[in-house]
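The values are calculated or read from the model by the stated rules, or taken from the named source; none is laboratory data. Quick caveat, the model's predicted, so the values are computed rather than measured. Quick reminder, even Gly has a Cβ in these numbers, built from the backbone with ideal geometry, and neighbours come from all protein chains shown. When the accessible area is computed, the model is the full protein with side chains, heavy atoms only, and any ligands, DNA or RNA have been set aside. Shrake-Rupley method; radii C 1.70, N 1.55, O 1.52, S 1.80 Å.
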Amino acid sequence: MKVEVNVLDSVNEPYLKVPDEHIIAMMLRPGSIEIGLQRSELKKVTYQAGEMALYSHHLVHWLGSADLECLALYISDAALVAACNGTSGEIELQGATKLVDSRVGALVAAVNAERIAGFPNGQLFLDSVERALAVALVNGYAVRRPSPQIFRGGLTPARLRRVTELVHARIENDLSLGEMAGSVDLSIAHFSQMFRKSTGQSPHQFVLRQRVEHAKDMLRKAEARVLDVAVACGFKTQQHFARVFRQMCGASSTEYRHQLLR
């Protein structure tokens, strides 16, 4: 999922063409816009910070006056098809100049918090949020969806081992959902569903758990600094490492080390 901060003004942008992806826009400050599918039929919409809009893909929206700063989340059609467990086809969503949806709002707010923090969770977090957003959009706003495909069972032991080996090999680096699925030659939708059946965790949760387990091994060495451990385990900031470690272990990394030394 691509995330951008966009500033719209009618001087530089007389029209807005939505690309191949659907767009969820969350306003970062109060503002207004005149917008319509035809230049002769513009409607003024005023937003407060935190309010959202949903734009369907491929459509051209004409702008009159515009003064908006928004966080734009680009949701791919592939993610929407995957949310239907479909193998082919194209999803059409009903656009909304004012999108009021608590579930979507919470997910978009989580992405905004991630952006402000400098994206410490990496691409895997954004991929996971895109999947959750796609499910919410398909369930609430889909006009047309492809036929579903049902998957049964989990990953084979050999495939699960290949994914685990990939995670361990890339423990210091960013890792995407597509790379994990590609390592076992599966689509993202199929892989995510089967992976959860095999492990009881989402891919993002699994990777975080593996990174924390690797950190625990490193913390057994008294000479390893906590910052070095965080970086070596793929965490972009020490603060993010500290938060995740405490959530999973019930203690800070320093407390954990002191318990081991005692």
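What residue, of Phe125, Phe119, Phe195, is aromatic (Phe, Trp, Tyr), touching a His at 6+ places or on another chain (Cβ under 9 Å) and under 23 Å from Cys233 (Cβ atoms)?
Answer to the check: Phe125.
Could you list, in sequence order, the residues of the stretch 167-178 that are surrounded by fewer than 17 Cβ atoms within 10 Å (Cβ to Cβ) and assigned to a helix (DSSP H, G or I)?
Listed by number, the residues that qualify are His168, Ala169, Gly178.
Restricting attention to the stretch 159-182, report how many residues are over 19 Å from Leu126 (Cα atoms) and small (Gly, Ala, Ser).
Number of matching residues: 1.
So, in the stretch 198-224, exactly how many residues are free of Cβ contacts under 8 Å to residues at least 60 places away in the same chain and hydroxyl-bearing (Ser, Thr, Tyr)?
Number satisfying all stated conditions: 2.
Just a yes or no: is a residue in the stretch 225-234 modelled with pLDDT under 90 and touching a Cys at 6+ places or on another chain (Cβ under 8 Å)?
Within the stretch 225-234, not a single residue is modelled with pLDDT under 90 and touching a Cys at 6+ places or on another chain (Cβ under 8 Å).
Yes or no: Gln259 farther than 16 Å from Leu175 by Cβ, open to solvent by less than 70 Å² (accessible area, probe 1.4 Å) and modelled with pLDDT under 90?
Taking the combined requirement at face value, the residue does not satisfy it.
Starting from the stretch 125-154, take each residue that is modelled with pLDDT under 60 and list its partners that are open to solvent by 40 Å² or more (accessible area, probe 1.4 Å) and outside any loop (DSSP other than H, G, I, E, B), counting only C-beta distances under 8 angstrom and pairs at least six apart or across chains.
Close Cβ pairs satisfying both conditions: Arg144/Glu92; Phe151/His190; Phe151/Gln193.
Going through the stretch 198-222 one residue at a time, which ones are among the hydrophobic types (A, V, I, L, M, F, W, C) and part of a helix (DSSP H, G or I)?
Answer for the stretch 198-222, where residues must be among the hydrophobic types (A, V, I, L, M, F, W, C) and part of a helix (DSSP H, G or I): Phe206, Val207, Leu208, Val212, Ala215, Met218, Leu219.
Within the stretch 62-88, how many residues turn out to be modelled with pLDDT under 85, open to solvent by 20 Å² or more (accessible area, probe 1.4 Å) and more than 21 Å from Arg29 (Cα to Cα)?
Matching residues across the stretch 62-88 total 7.
Could you check the stretch 183-198 and list, in sequence order, the residues that are open to solvent by 40 Å² or more (accessible area, probe 1.4 Å) and either among the β-branched types (Val, Ile, Thr) or under 14 Å from Glu130 (Cβ atoms) (or both)? Even if it seems obvious, please write down each step before you answer.
The initial filter retains those residues of the stretch 183-198 that are open to solvent by 40 Å² or more (accessible area, probe 1.4 Å), namely 185, 187-188, 190, 193, 196-198.
Scanning the stretch 183-198 gives a single hit, Ile188.
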